[in-house]
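The values are calculated or read from the model by the stated rules, or taken from the named source; none is laboratory data. Remember, it's a predicted structure, so these values are computed and weren't measured experimentally. Heads up, the Cβs are rebuilt from the backbone with ideal geometry, glycines too, and the neighbour counts pull from every protein chain shown. Keep in mind that these areas ignore ligands, DNA and RNA; they rest on the heavy atoms of the full protein, side chains included. Shrake-Rupley method; radii C 1.70, N 1.55, O 1.52, S 1.80 Å.
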Amino acid sequence: MTTTHVDFNSLKVDKHALAQQTEDGLLLSAEKNLRSSFLPTKSLTSCVTVPKTFRLPLCIHMAVHMPQPGLHLLLGEGHISFGTQSDNRSLSDIAQPNPKKPKHFDNRTSLAGDNEITVIYGLTFMQILINGETRYFSKSEKYMRSATQEELELKLGTCKFAEVIIKKMTVEEYDVEPDAVPINNEIGETRLYFIRRGVKAGFEECISLLAPALQAEIIKTDQFLLSEKELKIKRKIEGDQLGCKITYTSSVHGFSYSLRINEHLMSHSYWWYMVSNYKYEGKFMGRKNDLTNSVLKSVYDLSPEIADRLVDYYGKCNGCSQTCAVKTVYELNGKKFVSCHGQMHMNMNLQTFEDFRFTLNVQKDML
């Protein structure tokens, strides 16, 4: 057996990945979301790469702290995602990934403490453990029937704006097929984000499983949006704390803000929403209104730091379709950027709520 203790100083850092050595370990983040379910791994630009390659069978072990998830482990042509919200493609085969047939597992992680993650890629079985609990076990992965002696490249990536600290990482390559770790738990069903129909939960119930500081920011934002009567915002609540969507819409002005909550995880987004009954820039799908460029300029005049963060929040175009009808071009200080759907996507970082409220105040004055 050969054991490799991954040296974080030796990692190759892609252009959209952020990697910084800290006292606790390697802090990973990204400027651009990975689309590992749709693009070949060689096309991904938000990863760090281990400088050597590995052969099966092998075991990967990591100690990870994820206050802002999630983490993507990429081996060969496949990937495993940890701590991601609304992810029905959290797993793909390392030899023959198939995005048309999504695979997933219960990939929930702790936000507060360390997570011990173990992945065994055997020749006859595959096993994923999180904090000693088996979350996935299979004897029928496609890679097991293919050429398994190839040298495999190992990468790590994160979600955009994630905060992931890799405290240690080892890779063990076996000379013979290893034993599986005894399974001492019932492997639970995947708990994907979805909104249960017929459930009518209140606002407080929907946010009840989130961290107290996060609840406070959401309540403050809710009060802010509903108090601005001139914006004519209506709130809609769907689902409960297991899967909830809270939407604030101004149909008069044409913008929408939404929160998606899944137990202790959440994300929020904002856009001048598209409608399908007229054209925009000569294409089917359009917007009633879009003050993005003007708002960005005004925000920049007041606070360049906030304006720069807002540009980063926009979901950048990944080039996943040649016939995309929702590419949206915006501009700040003469620099153009292409956004997917023209949406800002924000995570659980408390700063994102402050930036959003600041922006809405600027936009309110324009309207």
Residue within the range 248-268 that is open to solvent by 20 Å² or more (accessible area, probe 1.4 Å), out of contact with any Pro (no Cβ under 8 Å at 6 or more places or on another chain), among the charged types (D, E, K, R) and free of Cβ contacts under 8 Å to residues at least 60 places away in the same chain present: no
Filter result for the condition that a residue is among the hydrophobic types (A, V, I, L, M, F, W, C) and surrounded by fewer than 20 Cβ atoms within 10 Å (Cβ to Cβ), over Val181, Val171: Val181
Filter result for the condition that a residue is open to solvent by 40 Å² or more (accessible area, probe 1.4 Å), within 25 Å of Ser267 (Cα to Cα), at pLDDT below 95 and in contact with a Gly (Cβ under 7 Å, 6 or more places away or on another chain), over Arg196, Arg191: Arg196
Scan of the range 113-166 for residues that are more than 25 Å from the chain's Cα centre (by Cα) and open to solvent by 30 Å² or more (accessible area, probe 1.4 Å), ordered by number: Leu123, Thr124, Lys139, Ser140, Lys142, Met144, Arg145, Ser146, Ala147, Gln149, Glu150, Glu151
Selection from the range 221-240 of residues that are open to solvent by less than 40 Å² (accessible area, probe 1.4 Å) and either farther than 21 Å from Phe358 by Cβ or assigned to a loop (DSSP other than H, G, I, E, B) (or both): Glu228, Ile233, Gly239, Asp240
Qualifying residue in the range 66-86 (condition: open to solvent by 20 Å² or more (accessible area, probe 1.4 Å), at pLDDT 95 or above and within 20 Å of Ile130 (Cα to Cα)): no
Arg89 vs. criteria open to solvent by 10 Å² or more (accessible area, probe 1.4 Å), of a type in the set (D, E, K, R), part of a loop (DSSP other than H, G, I, E, B) and free of Cβ contacts under 8 Å to residues at least 12 places away in the same chain: no
Flag if Ser110 is open to solvent by 40 Å² or more (accessible area, probe 1.4 Å), out of contact with any Leu (no Cβ under 7 Å at 6 or more places or on another chain) and within 21 Å of Asn262 (Cα to Cα): yes
